[in-house]
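The values are calculated or read from the model by the stated rules, or taken from the named source; none is laboratory data. Just so it is clear, the model here is predicted, and its values are computed rather than measured. Don't worry about glycine lacking a Cβ; one is built from the backbone with ideal geometry, like all the others, and counts go over all protein chains shown.
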Amino acid sequence: MINFFRKIRKKLADDNKPQKYARYAIGEIILVVIGILIALSINNWNEDRKTTNTEIEYLIRLRSDLANDTAYYHSRIKYANKVIADHKKAIILSYNEITSPQDFYERFHNIEWSSEFLTIRDNTYAEMHNAGQINIIKNEKIKTEILEFYRQVDVVAKHFEEFNNTSIGFLSDFLIKSKALKHFWSYGREGSSWTTEMLDESDDWQWINDPKSELFKSFQFTLGFYKNKQTYFKRYCEALANESTILLLEIENELRNRSVEVPAPTIEPLFVID
């Protein structure tokens with residue numbers, strides 16, 4: 001195209017001999033400038049296209065992460081409900097007389113003492129954050145909500161860690177003092193280092209029939225702390241599930257508004273307690 005303009009410019013310059021060379025020089029400069037501007041425009045278009053493609057890829061991956069994390073939060077809520085109910089039941093059962101190690105085992109061996117930390121899929125966000133690519137998101141509202149959501153996740157994760165470390169300490173202290181670990185989990189199990197006879201001969205579980213004993217109080221306190229811990233975890237996960245669902249839908253709308261096909265995400269939750 002530049003050659004075409006050059007021929008036209010040369011012909012026009014030839015029609016006026018005195019100013020021929022001046023016109024020719026000016027024309028060459030103009031052609032060079034036009035060529036540079038066209039090259040820059042093409043380069044900028046390519047860069048914008050690449051940036052947009054990268055942004056779309058990040059949004060699709062974030063949507064997948066949020067869909068899986070939402071399923072994870074709901075699973076944690078379901079698990080919390082089970083733990084809360086089981087620990088309430090255990091507190092009530094502990095006030096009833098227990099007559100044997102087997103009776104002790106059957107009442108309490110199914111108690112959940114899990115201290116799972118918050119384990120979400122934040123690989124896409126972490127990658128964007130570490131690469132300084134957060135500003136690649138053009139929709140300012142969605143970008144702000146992404147930053148705020150993962151800030152909240154960080155806060156919740158720290159609270160999970162604090163609660164879990166504290167509860168692990170309480171449980172360890174109780175089990176060491178009561179010497180009742182075998183009565184909670186070992187009775188009647190094949191391959192156990194504790195035989196039925198050994199359990200029957202042991203009276204380590206007798207504290208359960210004395211509500212005034214320090215071990216009984218420790219047991220009650222530990223049960224209560226784990227129940228309360230899961231109550232807080234449930235509230236946290238309910239809030240995160242709600243926020244992640246809202247953000248997920250907004251990302252889907254953004255993709256559709258930009259004519260991007262939005263396939264159903266594959267839900268493969270990691271580290272979910274059933």
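A few notes on this one:
- Within region 171-183, being of a type outside the set (A, V, I, L, M) and crowded, with 17+ Cβ neighbours inside 10 Å holds for F174, S178, K182, H183.
- For region 112-146, the candidate set comprises residues that are out of contact with any Asp or Glu (no Cβ under 8 Å at 6 or more places or on another chain) and among the β-branched types (V, I, T); within that set, the residue that is nearest to T266 (Cα to Cα) is T119.
- Restricting region 139-155 to residues that are under 14 Å from N242 (Cα atoms) and touching a residue at least 12 places away in the same chain (Cβ under 8 Å), the residue that is surrounded by the fewest Cβ atoms within 10 Å (Cβ to Cβ) is Q152.
- When each of S64, S94 is tested for being closer than 30 Å to Q206 by Cβ, polar (S, T, N, Q) and at pLDDT 90 or above, the lone residue that passes is S94.
- Scanning region 99-118 for residues that are at pLDDT below 90 and not in a helix (DSSP H, G or I) yields T99, S100, H109, N110, I111, E112, W113, S114, S115, E116.
- Selection status of A85, surrounded by fewer than 14 Cβ atoms within 10 Å (Cβ to Cβ) and in a helix (DSSP H, G or I): yes
- Restricting the first member to region 161-184 and to residues that are at pLDDT 90 or above and hydroxyl-bearing (S, T, Y), and the second to residues that are surrounded by fewer than 18 Cβ atoms within 10 Å (Cβ to Cβ) and outside any helix (DSSP H, G or I), the beta-carbon pairs closer than 7 Å and six or more apart or on different chains are S167/S115.
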